[in-house]
Amino acid sequence: MKILAFGEAMLRFTVPEAMLLEQSDTVRLSTVGTGVNLLASLAHMGYQTELLTCLPDNAVGRKMAADIRKMGIMDQQIIYTGQHIGSFFVELGYGSRPERVIYQDRLASAFCTTPVERYSFEIGLSSVDIVHICGITLSLSENTRQAAFKLAKLAHGAGKLVCFDFNYRVELNRGNSHEQMKRYYQTMLESADVVFGSLRDLTDLLDYQGESEAAIMAKFVADYQLKFFAGSKRSYRNSQKFFSGFCYTAGGLRESTARPLQILDRIGSGDAFASGIITGIIEQWSLNEMLDFAVVNSVLAQSAMNDSALFTKADVHAYLESDGMNELLR
């Protein structure tokens, strides 16, 4: 089983020791992005993975490609062009202080400026079973948007399982109207089989209305003939944070157990959840097994540093078998 992901790779600069950026003279450098995060997790689950993206044609791009290979992701479909990459700084949260992300210019990046004609989608699709497309591609530039549309349509036509993550970011769409973005997402959803998102994506972006969550999700899944609509939720009880997941199929809405959450770094939690769901689809697990696995993969990811969940199936199952009480793995 091989999974191809299309999305932006970025450089992350993490401020160490939970300090503020202005307090520190050093940062830690890592290669991240929805596609990178998702594929790194799936590679650690034992599957073949490949990233389709654009990196700058310089030492920065080569360093990022080396990072991608180190995480077990194939890099043969990466295009090298331009001289720039998008990046962001991360201030880790602590106590009541939330984690903070400070983005630098990403619209001039190699990924955002590469026209759709540069991609060899048919070659990339020839040896894969599943395609994942990040919704941020619909917000960045006309180039990324048209590339995402074309890849999704070709993958759907070729009978590949097409996974799409809403990943809607208000801050990336200040110049785009609500109706524009709604049309873009509707176009993409026509080619999707598995969608990751939230109820808010359906109500606030796609303007769905209904008497209950289940009714809204039922209409959404039926409208686009989806196999799965899945997402995660955060909740709080007695000052304790919890993380859970849901999945809607033709059989109705299924929700997981809420797991206690201790956060070291929450960035990439949705990607870890999505990789868990895709693992469950590949392995043909029941919805309950799939949701439990995806939630725990994300809980573990949020207890570790950086965006990518580098846990194996054995790690996740060890948590499930001990209900998170195992403090030592041998």
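The values are calculated or read from the model by the stated rules, or taken from the named source; none is laboratory data. Just so we're clear, the structure is a prediction, and the values are computed from it rather than from any experiment. So basically every Cβ, Gly included, is an ideal-geometry build from the backbone, and we count neighbours across all protein chains shown. Areas reflect the complete protein model, heavy atoms only, side chains present, ligands, DNA and RNA absent. Shrake-Rupley method; radii C 1.70, N 1.55, O 1.52, S 1.80 Å.
In table form, for the structure just shown:
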{"item": "Tally, over region 21-42, of residues that are open to solvent by 30 Å² or more (accessible area, probe 1.4 Å), assigned to a helix (DSSP H, G or I) and hydrophobic (A, V, I, L, M, F, W, C)", "result": "1"}
{"item": "Only listed residue being under 20 Å from the mean Cα position of the chain (by Cα), touching a residue at least 40 places away in the same chain (Cβ under 8 Å) and farther than 22 Å from CYS134 by Cβ, chosen from SER256, SER244", "result": "SER244"}
{"item": "Residue count, region 266-286 (criterion: open to solvent by 10 Å² or more (accessible area, probe 1.4 Å), among the polar types (S, T, N, Q) and over 10 Å from the mean Cα position of the chain (by Cα))", "result": "2"}
{"item": "So GLY159, is it open to solvent by 60 Å² or more (accessible area, probe 1.4 Å), modelled with pLDDT under 95 and either part of a helix (DSSP H, G or I) or not hydroxyl-bearing (Ser, Thr, Tyr) (or both)", "result": "no"}
{"item": "Checklist (1) on the phi > 0 side of the Ramachandran plot; (2) open to solvent by 50 Å² or more (accessible area, probe 1.4 Å) applied to GLN186, failing item", "result": "(1)"}
{"item": "Among (1) surrounded by 20 or more Cβ atoms within 10 Å (Cβ to Cβ); (2) in a strand (DSSP E or B); (3) in contact (Cβ under 8 Å) with a residue 60 or more places away in the chain - the single one LEU51 does not satisfy", "result": "(3)"}
{"item": "Odd one out for ALA18 among (1) in contact with a Ser or Thr (Cβ under 8 Å, 6 or more places away or on another chain); (2) open to solvent by 10 Å² or more (accessible area, probe 1.4 Å); (3) of a type outside the set (Val, Ile, Thr)", "result": "(1)"}
{"item": "Hey, SER322 among the hydroxyl-bearing types (Ser, Thr, Tyr), over 29 Å from ASP129 (Cα atoms) and surrounded by fewer than 22 Cβ atoms within 10 Å (Cβ to Cβ) or not", "result": "yes"}
{"item": "Subset of region 70-83 [open to solvent by 60 Å² or more (accessible area, probe 1.4 Å), within 16 Å of GLY7 (Cα to Cα) and either in contact with a His (Cβ under 7 Å, 6 or more places away or on another chain) or not in a strand (DSSP E or B) (or both)]", "result": "GLN76"}
{"item": "Leading residue by the ranking (most open to solvent (accessible area, probe 1.4 Å)) among those in region 203-230 that are in a strand (DSSP E or B) and touching a residue at least 40 places away in the same chain (Cβ under 8 Å)", "result": "PHE228"}
{"item": "Search result, residues across region 115-130 that are farther than 19 Å from MET74 by Cβ and open to solvent by less than 60 Å² (accessible area, probe 1.4 Å)", "result": "PRO115, VAL116"}
{"item": "Selection from region 89-103 of residues that are open to solvent by less than 90 Å² (accessible area, probe 1.4 Å) and either within 14 Å of THR14 (Cα to Cα) or in contact with a Pro (Cβ under 7 Å, 6 or more places away or on another chain) (or both)", "result": "PHE89, VAL90, GLU91, LEU92, GLY93, GLU99, VAL101, ILE102"}
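Condition check ((1) among the hydrophobic types (A, V, I, L, M, F, W, C); (2) over 19 Å from ILE136 (Cβ atoms)) across all residues:
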| site | (1), (2) |
| --- | --- |
| LEU4 | yes, no |
| SER30 | no, no |
| LEU39 | yes, no |
| ALA59 | yes, yes |
| GLY93 | no, yes |
| VAL116 | yes, no |
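For (1) out of contact with any strand residue (DSSP E or B) (no Cβ under 6 Å at 6 or more places or on another chain); (2) at pLDDT 95 or above, each residue gets a yes or a no:
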{"residue": "ALA230", "(1), (2)": "no, yes"}
{"residue": "ASN238", "(1), (2)": "yes, no"}
{"residue": "GLY251", "(1), (2)": "yes, no"}
{"residue": "ALA274", "(1), (2)": "no, yes"}
{"residue": "THR279", "(1), (2)": "yes, yes"}
{"residue": "GLN284", "(1), (2)": "yes, yes"}
{"residue": "MET290", "(1), (2)": "yes, yes"}
{"residue": "VAL316", "(1), (2)": "yes, yes"}
{"residue": "SER322", "(1), (2)": "yes, no"}
